[in-house]
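The block underneath contains the structure these notes are about, expressed in structure tokens.
The values are calculated or read from the model by the stated rules, or taken from the named source; none is laboratory data. Not measured: the values here are computed from a predicted model. Cβ atoms come from the backbone with ideal geometry, glycine included; neighbour counts cover every protein chain shown. To get the accessible areas, we keep the full protein, side chains included, count just its heavy atoms, and leave off ligands, DNA and RNA. Shrake-Rupley method; radii C 1.70, N 1.55, O 1.52, S 1.80 Å.
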Amino acid sequence: MASQAAASAFNGSMKKAHAGLKRINLEGLRWRVFDAKGQVLGRLASQISTVIQGKDKPTYAPYRDDGDICVVLNAKDVCVTGRKMTDKFYRWHTGYIGHLKERSLKDQMAKDPTEVIRKAVLRMLPRNKLRDDRDRKLRIFPDSEHPFGDQPVEAYVMPPRKVRETRPRARRAMIRAQKKADQLEQAGNDKKKGKKREVEADLTE
């Protein structure tokens with residue numbers, strides 16, 4: 001019943017979701033589910049590429065394709081750091097003279113957010129004969145629904161993000177900037193209070 005409910009809740013193309021799975025030997029493989037909501041794009045892609053190559057298994061070998069099936073949900077809610085949303089561009093050429101096309105990450109997220117994660121993962125995989133089969137094991141969906149409710153899926157727990165301690169010089173610069181911002185805010189408040197007092201004095205006169 002639960003599998004039928006999950007399949008009925010999926011509103012996307014079933015044909016596209018299952019495309020290429022028949023070419024893969026699914027025997028002994030696990031179905032790992034990644035939740036991309038709030039995750040940093042590069043860190044998520046590195047974890048997916050590790051699982052899809054089978055590097056998290058003791059039986060890993062570079063010439064064998066023992067990686068698990070990776071199902072990525074909530075692709076539209078993935079995050080990036082810095083100003084990559086507007087400064088990162090995807091470029092390609094149509095083959096005609098002068099037809100170099102480009103699209104920003106922001107526009108690509110609006111058009112098809114699944115391609116953002118797919119490109120990030122594929123560019124972390126080695127370029128060999130196993131790359132196409134590994135690409136078939138990657139199933140990305142923009143929302144939280146997927147059509148694989150009849151499979152024994154298991155959630156993948158992302159490792160905690162380690163934030164590097166700020167260097168002393170940078171820490172001192174941050175403290176100075178914070179003090180300066182507080183002083184400017186205090187000066188602005190004092191100026192407003194002074195104007196308010198002058199208005200009150202004029203009214204009393």
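Quick notes
- Among residues of the range 24-51 that are without any contact (Cβ under 8 Å) to a residue 40 or more places away in the chain, those with a Cβ under 8 angstrom from a residue that is open to solvent by 50 Å² or more (accessible area, probe 1.4 Å) and not in a helix (DSSP H, G or I), sequence gap 6+ or separate chain, pair up as Thr50/Asp56.
- Just one of the numbered conditions (1) farther than 20 Å from Ser49 by Cα; (2) open to solvent by 60 Å² or more (accessible area, probe 1.4 Å); (3) in contact with a Ser or Thr (Cβ under 7 Å, 6 or more places away or on another chain) is not true of Thr94: (3).
- Counted as qualifying within the range 1-95 are the helices (runs of 4 or more DSSP H) with 2 or more residues that are hydroxyl-bearing (Ser, Thr, Tyr) and within 21 Å of the chain's Cα centre (by Cα), namely 41-53.
- Within the set Phe148, Phe141, Phe89, the sole residue that is modelled with pLDDT of 95 or more and within 25 Å of Gln47 (Cα to Cα) turns out to be Phe89.
- Boolean, Leu100 is hydrophobic (A, V, I, L, M, F, W, C), out of contact with any Phe, Trp or Tyr (no Cβ under 6 Å at 6 or more places or on another chain) and in contact (Cβ under 8 Å) with a residue 12 or more places away in the chain: no
- Residues being closer than 21 Å to Glu154 by Cβ and open to solvent by less than 50 Å² (accessible area, probe 1.4 Å) - total across the range 39-49: 6
- Residue check for Thr166: modelled with pLDDT under 90 and open to solvent by less than 90 Å² (accessible area, probe 1.4 Å): yes
- Residue match in the range 61-73 (condition: out of contact with any Pro (no Cβ under 9 Å at 6 or more places or on another chain), open to solvent by 90 Å² or more (accessible area, probe 1.4 Å) and not small (Gly, Ala, Ser)): yes
- The range 103-143 holds helices (runs of 4 or more DSSP H) entirely within its bounds, and those carrying 3 or more residues that are open to solvent by less than 20 Å² (accessible area, probe 1.4 Å) map to 113-122.
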